[in-house]
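First the structure, in the form of structure tokens, and then the observations on it.
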Amino acid sequence: MSGNPLDLIRNIGITAHIDAGKTTTTERILYYTGVSHRIGEVHDGNTTTDYMDQERERGITITSAAVTCEWKGHRINIIDTPGHIDFNIEVNRSLRVLDGAIFIIEGVAGVQPQSETNWRLADRYNVPRIIFINKLDRTGADFYRAFATLKEKLDIVALPLQLPIGIEDTFLGVVDLVEMKAIIWEGGELGAKFHDEEIPAHMMEQAQEYRKLLLNTAAMVDNDAVEEFLGTDDLSVETLKRCIKIGTISGEFRPVLCGTAFKNKGVQPLLDAVLDYLPSPVDVPGIRVAPEEGQDDDPNARRIKADPDAPFSGLAFKIINDKYGTLTFVRVYSGTLKSSDTVMNTTKGHKERIGRMFQMHADKRAEIKEVHAGDIAAFVGLKDTGTGDTLASSDDPVILERMAFPVPVIDISVEPKTKEGVEKMTLGLQKLAGEDPSLRLKTDQETGQTILSGMGELHLEIIIDRLKREYGVDANIGAPQVAYRETISKSHTEIYTHKKQSGGSGQYAEVKINFEPLERNTGVQFENKVVGGSVPREYIPAVEKGIRVQADTGVLAGFQTVDFRYTLLDGKYHDVDSSALAFEIAAKACFREGMKKAGPIILEPIMDVEVTTPQDHVGDVVGDLNRRRGQIQNQESSGSTVIVRAHVPLKEMFGYISHLRSMTKGRASFTMQFHHYDPVPRNIADEIMAKSA
């Protein structure tokens, strides 16, 4: 299957809110393209792309599985992405390597909060998308109402290419507005059989009205089409399809199709639309080369075009550890790579030898001997390549646009139940953290405990579950803790002299360092303003390192210190007794002393919380969020429900889901994601410091 001409490849993702039917749609696509010979159902727990035990038990997609299939002579690489907010990073990294996406919108609820989040992520990477309004067979489904939410919530120009014939249990098929015909599915045959017929008479007027909207909108993107349209008041099918593709790729408008994946109606035209309207690797501008360290992002940066004859470049976007070893999923942007070739990991600056390569069909795999520009493949046995690393030919050692990963905001302590489990647990957690860049691992210096940090309670729950199943480690888990940070509120200059004289050579170093606060999310910055060699150049890196190491444990309660600049102004050294180690020790001590005098404060993570609640519970929900120190941002009505948006400290959100359910009789739902850090109120800061004392 390798070596398809580039215009016959589609790299697409399927993304949506939880339960909108992503995985079911993927299953149908695999069935109709002949990859699976039976149809898996999420609720039966036998789907192809959700092949982890936890995914089948919970009926949710956790990891993005990459699957390859063929349709009408084209190769489609599909990445199935999760809907749950805790796995946002999965959606993020998948969208990063896609050329196009199918957005599934629920036919009853329309656009839901997580669909909005994923839509904004796709906007960030300019991913062309088509929309599929699914579940039109469900009671309460309403295509036109769901369609209206696209404009309301996403603020886009949505363009219907189909209208439903019938609704709920009378849903039979669709009116195809491009070819002006009806497509009717025949019962009982798993939707494999359908036929074309005339548009039903009672729908003709409505179909013509929507066709006119389609022509008016689509023709505007292409000058030749405008001329054809003005001359004939119509467009040929070929011209119309060309215009829809241009508008889809540029984002001028978003085509909308509809159906019910579960009842097998609408999937084949959706596949046709993927081929007709979503871009191949040559239809997109190519991935940008990352700016040099310290340089700003350049919108005119060089782009890598999809060309199988150019030097090789690819982006590792996912790592999975399974019984065969470590699989690194790579999107190939240019060139051709054969197994046993050697490439550079340009992000880390070392060489990697390529072992075996596989084309993935979810958990099944077919070995391939070479990969080409436009492909997605899994490499086995890469020694040290992480998510977001670039692999490139040494002839053109580029680094591709980097991935941004969110800050983990919730910590738990983990310890194995048996002494023998220590090594297994450490190895298991290292492998899981290698797979998932939103997971951090560290050892608490004082207690020796292993601390695991993640995106939310569910995220960490799944990791612990995987630790038990995949690595056989039963662990005791500490209660979730907030990942606080420390910073400073005023500028202070500290001088510290480190002197040690005890037999043999002594140690001597003096540093004068200014500490000053920076804006939130600026990180830690170092400046060297030493003149005249009062601190020799070879010791400067030791000063920088000393502060960075010490900043991991702040001066108030031992939390990581962030958002400050430290400037080395001056110092002293001794010809014999000074060393890099002496300057590192002096810098650490200077930090401990200086930060105490720079107005240290504790910061807490503030979450962006969105609660979707029936109207009759809005008062309870708002009152409760206020009690949790929440600041209501806005409220908007959507039919009989209201969406309440608030910024709430993470500390107040533990166990919120069960409280919300009991308060609204199970009718409300919520999503939350990290938004920013803010100083904690005085009484809470005292409480935190007392605990850490």
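Students often check this: by mean Cβ neighbours within 10 Å, which of 605-616, 22-33, 419-430 ranks highest, and how do the rest follow? Provide the component values of the computation, followed by the final result.
Numbers: 605-616: 19.7, 22-33: 25.2, 419-430: 15.1.
Ranked by mean Cβ neighbours within 10 Å, highest first: 22-33, 605-616, 419-430.
Pop a pseudo-label 7 angstrom from the Cα along the beta-carbon direction at both E197 and E238 and give the gap in nm to one decimal.
Modelled inter-label distance: 3.1 nm.
May I ask you to derive the relative contact order of the chain, considering only C-alpha pairs under 8 Å and at least 6 residues apart, and to give it as an integer percent? Could you put the intermediate results ahead of the total?
Numbers: 1524 pairs, mean separation 63.8, N = 693.
Relative contact order of the chain: 9 percent.
Quick one: what are the phi-derived ³J(HN,Hα) couplings along the range 661-676, Karplus 6.51/-1.76/1.60 with θ = phi - 60°, whole Hz, x for glycine and proline?
Values, residue by residue: 5, 5, 5, 10, 6, x, 9, 9, 9, 8, 10, 8, 9, 4, 10, 6 Hz.
What list of ³J(HN,Hα) values in whole Hz, one per residue of the range 589-597 in order, does the Karplus curve 6.51 cos²θ - 1.76 cosθ + 1.60 (θ = phi - 60°) give from phi, with Gly and Pro shown as x?
These are the phi-based 3J(HN,Hα) values: 5, 4, 4, 4, 6, x, 5, 5, 9 Hz.
Apply the Kirkwood formula to the range 631-680: the hydrodynamic radius equals the inverse of the mean of 1/r over all pairs of different alpha-carbon atoms; give it in Å with one decimal. Each step should come with its number before you reach the end.
Numbers: mean 1/r = 0.0801 Å⁻¹.
Every distinct Cα pair counted, the radius reaches 12.5 Å.
Calculate for the chain the 222 nm mean residue ellipticity that helices alone would give, adding -39,500 (n - 2.57) per DSSP H run of length 4 or more and normalising by residue count, nearest 500 deg cm²/dmol.
Details: 16 runs with 189 residues, N = 693.
About -8500 deg cm²/dmol.
Give the residue from V274, Y471, M607 lying farthest towards the positive end of the charge dipole for the chain; charges sit on Cβ (+1 for Lys and Arg, -1 for Asp and Glu) and the dipole is referred to the Cα centre.
The residue sitting farthest along the positive end of the dipole is Y471.
Once the Cβ-Cβ distance between S640 and Y144 is put in as r, and R0 is 25 Å, what FRET efficiency do you end up with, to the nearest 0.05? Don't skip to the end; give the middle numbers.
Working: r = 17 Å, r/R0 = 0.67.
The calculated FRET efficiency here is 0.90.
Can you tell me the accessible area per residue over the chain, all protein chains present, probe 1.4 angstrom, in square angstrom?
On the way: 29840 Å² over 693 residues.
Accessible surface, normalised per residue, equals 43 Å².
Using a 7 Å offset from the Cα along the Cα-to-Cβ direction at both K181 and K442, what is the distance between the two label points in nm, to one decimal?
6.3
Can you order the peptides 136-147, 455-466 by their average number of other Cβ atoms within 10 Å per residue, highest first? Display every interim value, and only then the final one.
On the way: 136-147: 17.8, 455-466: 20.4.
Ranking the peptides 136-147, 455-466 by packing returns 455-466, 136-147.
Can you send over the carbon and sulfur percentage of the accessible area for the chain, probe radius 1.4 Å, protein chains only?
Details: 14310 of 29840 Å².
Answer for the chain is 48 percent, counting heavy atoms of protein chains only.
Going by the alpha-carbon gyration tensor, a ≥ b ≥ c the square roots of its eigenvalues, is the chain rounded (a/c under 1.5) or, if a/c is not under 1.5, prolate (a/b greater than b/c) versus oblate?
Numbers: a/c = 2.01, a/b = 1.65, b/c = 1.22.
It comes out prolate by the Cα gyration axes.
Please list 3J(HN,Hα) in residue order for the range 416-432, calculated via the Karplus relation 6.51 cos²θ - 1.76 cosθ + 1.60 where θ = phi - 60°; whole Hz, with x for glycine and proline.
Going residue by residue, I get x, 6, 10, 4, 5, x, 4, 5, 4, 5, 4, 5, x, 5, 4, 5, 5 Hz, with x marking Gly and Pro.
Could the peptides 535-548, 468-481 be put in order, highest first, of the mean number of other beta-carbon atoms found within 10 Å of their residues?
On the way: 535-548: 18.5, 468-481: 14.8.
In decreasing order of mean packing, 535-548, 468-481 become 535-548, 468-481.
On the full set of protein chains, 1.4 Å probe, figure out the accessible area of R365 and give it in Å² to the nearest 10.
Surface open to solvent at R365 totals about 60 Å².
Give me the orientation-averaged projected area of the Cα convex hull of the range 514-558, in nm², one decimal. Present the calculation step by step, with values, prior to reporting the outcome.
Numbers: hull surface 15.7 nm².
Dividing the Cα hull surface by four gives the mean projection, 3.9 nm².
In nm², what is the average projected area of the convex hull enclosing the Cα atoms of the range 169-232? Display every interim value, and only then the final one.
Working: hull surface 23.4 nm².
Quarter of the Cα hull surface area: 5.9 nm².
Name the residues whose placed amide hydrogens come within less than 5 Å of the amide hydrogen of Q481, ignoring near sequence neighbours (fewer than 5 apart) on the same chain.
Result for Q481 returns D411, I412.
Eigenvalues of the Cα gyration tensor times 5, then square-rooted: what semi-axes does that give for the range 202-332, in whole angstrom, largest first?
Values: eigenvalues 286, 114, 32 Å².
Semi-axes (√(5λ), whole Å): 38, 24, 13.
For the range 330-376, report the convex hull volume of the alpha-carbon atoms normalised per residue, in Å³, without decimals. It would help to have the intermediate numbers written out before the result.
Working: hull volume 4.0 nm³, N = 47.
With only Cα atoms used, the range 330-376 gives 85 Å³ per residue.
Work out the P(r) tail for the range 503-651: percent of alpha carbon pairs separated by more than 25 Å, whole number. List each step's numbers first, then the result.
Numbers: 5495 of 11026 pairs.
Everything past 25 Å amounts to 50 percent.
The values are calculated or read from the model by the stated rules, or taken from the named source; none is laboratory data. Just so it is clear, the structure is predicted and the values come from calculations on it, not from any experiment. All Cβ positions, even for glycine, are placed from backbone atoms using ideal geometry, and neighbour counts span all protein chains on display. Ligands, DNA and RNA are excluded from the accessible area calculation, which covers all protein heavy atoms including side chains. Shrake-Rupley method; radii C 1.70, N 1.55, O 1.52, S 1.80 Å.
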